[in-house]
Every structure is written in C-alpha cells, then in structure tokens.
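The values are calculated or read from the model by the stated rules, or taken from the named source; none is laboratory data. None of the values given here were measured: they were computed from a predicted structure. Cβ coordinates were reconstructed from backbone atoms using ideal geometry, including for glycine residues, and neighbour counts include every protein chain displayed. The accessibility values were calculated without ligands, DNA or RNA, using every heavy atom of the protein model including side chains. Shrake-Rupley method; radii C 1.70, N 1.55, O 1.52, S 1.80 Å.
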Amino acid sequence: MKGPVRWILIALGVATLAFGSVVWRSVSRARAADEPLGVVPDFALPATTADGVLPLSRADLAGRFWIANFIFTRCSGPCPIMTGKLSMLQKVIPPDVMFVSFTVDPDRDDLDALRHYARQFEADPARWRFVRAEKGELYRIAYEGFRLPVMEDPAAPSGYRVTHSTKFVLVDGEGRIRGYFDSDAADVGDRINDALGRLRRPL
Amino acid sequence: MKRLRALVIVLGSAALFTLGLGWLFNAYPMMPLAASREAVRVDRAFNGLLWLSIPIYALVMSSLIYALFAFKAKDESARGDNYEHSKGRWVESLWLVASFILTLGLAGFGSYELKHILGDQKTADMEIQVNASQFSWEFFYPEQQAYKPQLYLPVNKKVRLVLKSADVLHSFWVPEFRLKQDVLPNRITQVVITPTIKGDYQLRCSELCGLDHTVMTAQVHVVDEETYAQQFAEGDSW
C-alpha cells in the first residue's frame, strides 16, 4: 500500500476513532447497576453432561457464575439455535463460568436423551450440565426462581408442545440472578462478558 | 461514446428503480401511526436511513446487473487482463472514502435522534405507575390515588411510566409510541413518553410471559386534559 491510499486510510481511521468517542460519550447512559434480580431456589436434581450422568445441586454451583437456559430436545423452535449459540459461547465466555440447561419437557426428555443432545452440541462435560426436574419442581424453579414462563400444550405438535423463554440468565456464585440476555442477540457473548467484567470487579 | 451509453443505461435504470421503490414504500408505509414525540424521532432516523438507502441500492444493483452483461468475457483468454491498466484504484479509493463518510454520517444521524430520546427521559410532567402481572396490566395514578385497568394519558404531556412486575418478565410496548421497555420483578424500570395524537391504542406485552401472553393487553387512551380529569372525578378507583 503506497502513496495517497495509505494516508487516506490513516485519516479515515483517525476520523472514525474521534467520531466514535464523541458519539459514545453523547449517547452512553450510566448503565443500570447489575443489582440482583432475584434468587434461584435451592435444588438438587438428576443431570447429565455429554459424558454421562452427574447430578447437580445449587450448592455445586456455589462460588461460580453460571448461565441458565430452558430447552427441550424435541423442540422445533428456538432451542437448537439457542443451544448452538451456547455451544459457540463455550469458546468466548471464561471457562470457569458454568452452563446449565433445564429441560422443560421432563416427560419425554430422560437423561439419555439429554446426554445425546449434549453430545450433538459438543457440550464441554467440564462446564455444561443438562438438568431434568419433574414438572412441579421445574415450574417452581422457572417461575419463582428465574421468573420465566414455561407452559405445555399437550395438543400441540411434538416439536411445539412446550413454550418457554429464550433468555440466557446470568447467576452469580450465591445463586442470585444478575442479568437476562436475549439469546438471539448477535452480541450476546460480549454482553455477558461485559456484565461478568463489571460484576467481578472489586468495589 | 461507449462510456456515455453505459452511464446513461446505469443511471437511467437506477433512477427508475429508485422511483419504483420510492412509490412502493410510500404507498405501503411500514410503520403504524407515530403518536408520540419519541415516535417521530424514531421514524425520522428510520426513514432517513431508508430514503438514503433506496438510491444507493438502486445504483449498486443497476451497475451490477449492467456489468454482468456488458463485461462478460468472450473467451477464457480475455478474462481479467485489463484491471492493472484501468483506473480501478481511484474508483476504489473514492468508493471507500464515500462509504466511510456515509457510514459515519448515518451513525451520527441515528445517534443524534437517540441522544434526544434518551436526554428527554430525565424530566417529566407527571408520573404513572404500571404494574404488570400474569396476564394483566394495572395503572396507579399517584396524584389522584386511583387504580385503573386502562392507561389514560393527557395529550402533549410528558409522562414517566414507572414499571414493575409482580411475577415474571414482561415488556411494555405500544407500537404507536415506538418505545419498548422490559418490566422486571425486583427492579423498577421506566420509560418517558409524550403522546401527541389523541386516540385509542393498545398496550401489549412483548416479552413471553406465559400461556396467555398474547392476550395480555390493555387499552391506552390519549385524551385532552379535561377528559383526563373526568376519569378521576367520581373517584372511581377499581
């Protein structure tokens, strides 16, 4: 690259940086403090990794940040996309952050089905658990804990039988909810990492 | 002569394409009525981008389609010889600079409107509390100490809506006002709106909240001050 083109590119780069900083300062708001939005109730449930059965309780997650979501293996809607996104996020989000996927269709998703699903999405067994709670317990955790809806329509076609939220929920080491993230946002990984950065910074 | 002909063909078809798309977007507007001050700003940013994109899109597509036919290689040996001798580098530089300026200009334009919407949120003429729960909305008017199942807003008054959820995540959305705000349990959120056109609108929940999420609606009435005051005259809280 020589002559005028180089200088043009340098000038454009400088202009972009200057412009970006002005715009950022004028539109950025003080971000809402990430104060807790609720507490996930205690649970101790059958669960599996891609390798095999490994139960999970809230106490096992103490001291670690974790990301929760809701899926079912027969889902013909957003679950495969959401799980694919989470699979991708394994490479982006620090390895000490755990992933916990709750099935919302416990009648049909046994641990075998969940393990198969975990393999399909290359879920790292060291950090990603797939949890199966019976319906009563599941609804309690979803509604009272995560404040997210789960509803079943037995008359609906197999892949659409359960409707559920597609949020990723960030939970801290004390089981407190620190943020909800749209799983379909292109920059969801950056948003979660930003929140983690803010939350981990000592006051 | 050949260049002139190419220019006429490309610019001519780009102009026709622009007119056609312009007519289409004008005849079938994409947005509902803009019934708040914030909606006007949102639409200005949206339409600015749209109207600028139309001629650019038309020009790029016309050039592309023209080039596809005009510069088709007659045989294998004729391919790709001429680039080094062409003025391609200057065309590229020009295109780069123009795109940059355009991108920055558009980002500035959008940020300008966003800044005004956000800046305007700091103050308000009045406040109404909005309580969301599965699957209904309830509105508390602190000045009148009254609860109502419908949202009454005086026209041209800047209203701060203080949003709370009793159970799961919900989201406040009146399409005609354009702004959307999540409603969370254990955290208060807010949105400031200045409705500008009297009429009846519908508030919808825009965050999946359960089985009856789709019917979680409420009537929104933008009325003059007199009608607004009448709503509370008999002290009929529900």
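Residues are listed down the side, and each one gets a yes or a no for (1) of a type in the set (A, V, I, L, M); (2) open to solvent by 60 Å² or more (accessible area, probe 1.4 Å); (3) farther than 30 Å from A:GLU35 by Cα; (4) out of contact with any helix residue (DSSP H, G or I) (no Cβ under 9 Å at 6 or more places or on another chain):
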site	(1), (2), (3), (4)
B:SER165	no, no, no, yes
B:HIS170	no, no, no, no
B:TRP173	no, yes, no, yes
B:VAL192	yes, no, no, no
B:GLY199	no, no, yes, no
B:GLN202	no, yes, yes, no
B:HIS221	no, no, yes, no
B:ASP224	no, no, yes, yes
B:GLN230	no, yes, yes, yes
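Here is the figure for the range B:122-152: residues that are within 12 Å of chain A (Cβ to nearest Cβ) and surrounded by fewer than 17 Cβ atoms within 10 Å (Cβ to Cβ) total 1. Restricted to strands (runs of 3 or more DSSP E) entirely inside the range B:94-165, no element has at least 3 residues that are of a type in the set (S, T, N, Q) and on the phi > 0 side of the Ramachandran plot.
Restricting the range B:18-48 to residues that are under 10 Å from the mean Cα position of the chain (by Cα) and closer than 29 Å to B:SER63 by Cβ, which is most open to solvent (accessible area, probe 1.4 Å)? Top of the filtered list is B:MET30.
Only one of B:PHE100, B:PHE140, B:PHE109 is in contact with a Gly (Cβ under 8 Å, 6 or more places away or on another chain) and over 30 Å from A:ILE141 (Cβ atoms); which? Selected residue: B:PHE109, the only one of B:PHE100, B:PHE140, B:PHE109 that is in contact with a Gly (Cβ under 8 Å, 6 or more places away or on another chain) and over 30 Å from A:ILE141 (Cβ atoms). The listed residues are A:GLY77, A:GLY84, A:GLY63, A:GLY52, and the only one of them that is within 14 Å of chain B (Cβ to nearest Cβ) and open to solvent by 10 Å² or more (accessible area, probe 1.4 Å) turns out to be A:GLY77.
Matching residues to (1) open to solvent by less than 20 Å² (accessible area, probe 1.4 Å); (2) among the β-branched types (Val, Ile, Thr):
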| residue | (1), (2) |
| --- | --- |
| A:ARG140 | no, no |
| A:ARG161 | no, no |
| A:LYS167 | yes, no |
| A:ILE177 | yes, yes |
| A:PHE181 | no, no |
| A:ASP184 | no, no |
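Candidates A:ARG178, A:ARG119, A:ARG129: the one that is at pLDDT 95 or above, under 24 Å from A:ARG64 (Cα atoms) and part of a strand (DSSP E or B) is A:ARG129.
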